[in-house]
Amino acid sequence: MGSLRKLRRAKSIRPRKGKAAKIQQKKKSPSVSEFRAFFEKVMGRPGSQAEWQQAKNFIKRFESEFDNPNISLERIKAIWNQIAPFYPKVLEPKVMQSEISVIHTHVPIARSDKIASLGSGTAILEAFLAKNFAPNGIVTCVDMSPKMNQIALCTKEKAQAGNMSIVTASATKTGLPKKSQDKVIIAQTNLVRTVHMEKMFKEARRIIKNSPTARLTLSFYAKISNRKALISEINKALGNCGFYSLIAVRYAQKGKELAIIIIAEPV
């Protein structure tokens, strides 16, 4: 984590049928401008630079393990249980607002939609969606870390998001009913680029409805030098699991990494 440099817009390219999604320019979504105030109301104002640096340094200790594509789910769970107390201090509301803006622009969310978030963490993004995008629907937050879900429960309470539920389970086996969700969100999970990625996508395909408006959104960071190869790899994995990638949107930059969202539909 850390502060982002000035955001840069990507070139606007729409994918042709049968082709992998390309990066497209993000459109502005003024209706999500309230997220920053919502974030501070629920999560509190950012701490001091010293607190931020301490949290960042602690989380950085686990980077090499997260980079291991063969890391076990149990180890990921154990790490996140340790990270949980520090993680809220390194959240970046500006970046999260940009992510919500992309979802608002490119994903047709109905007020009564059922939305599942796999690897939901603190659930602050999900709480905002529950309150403002799907107030008559249900947002289900799935995370394997009990410690993270304790934070998510606090988020739900402070946000007064009564239509949000918290489930402790793996993104590869959520326990949610088959074809029960209108939208599935996977935001910055560590399962991308691991042996568990396709299992997660297959679970997303199992729980998502066969509907013209059903969508999967997947956000992740990619090194600028490797972004095209990674997007291609993810698109291939999505295709193997019953999704067609519609578009990829670059919405933030952090040093030599880009924050990207891929939006896909079930096929």
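The values are calculated or read from the model by the stated rules, or taken from the named source; none is laboratory data. Bear in mind that the values here come from a model prediction, so they are computed numbers and not experimental data. For neighbour counting, all protein chains shown are included, and Cβ atoms are generated from backbone atoms with ideal geometry for every residue, glycine included.
Counting only residues that are modelled with pLDDT of 90 or more and either loosely packed, with under 11 Cβ neighbours inside 10 Å or closer than 17 Å to Leu129 by Cα (or both), how many does segment 34-48 have?
10
Scanning for something of a type outside the set (Ser, Thr, Tyr) and over 28 Å from Leu246 (Cβ atoms), does segment 102-121 turn up at least one residue?
no
Given the structure, is Ala134 buried (at least 21 other Cβ atoms within 10 Å of the Cβ) and either touching an Asp or Glu at 6+ places or on another chain (Cβ under 8 Å) or on the phi > 0 side of the Ramachandran plot (or both)?
In short, yes.
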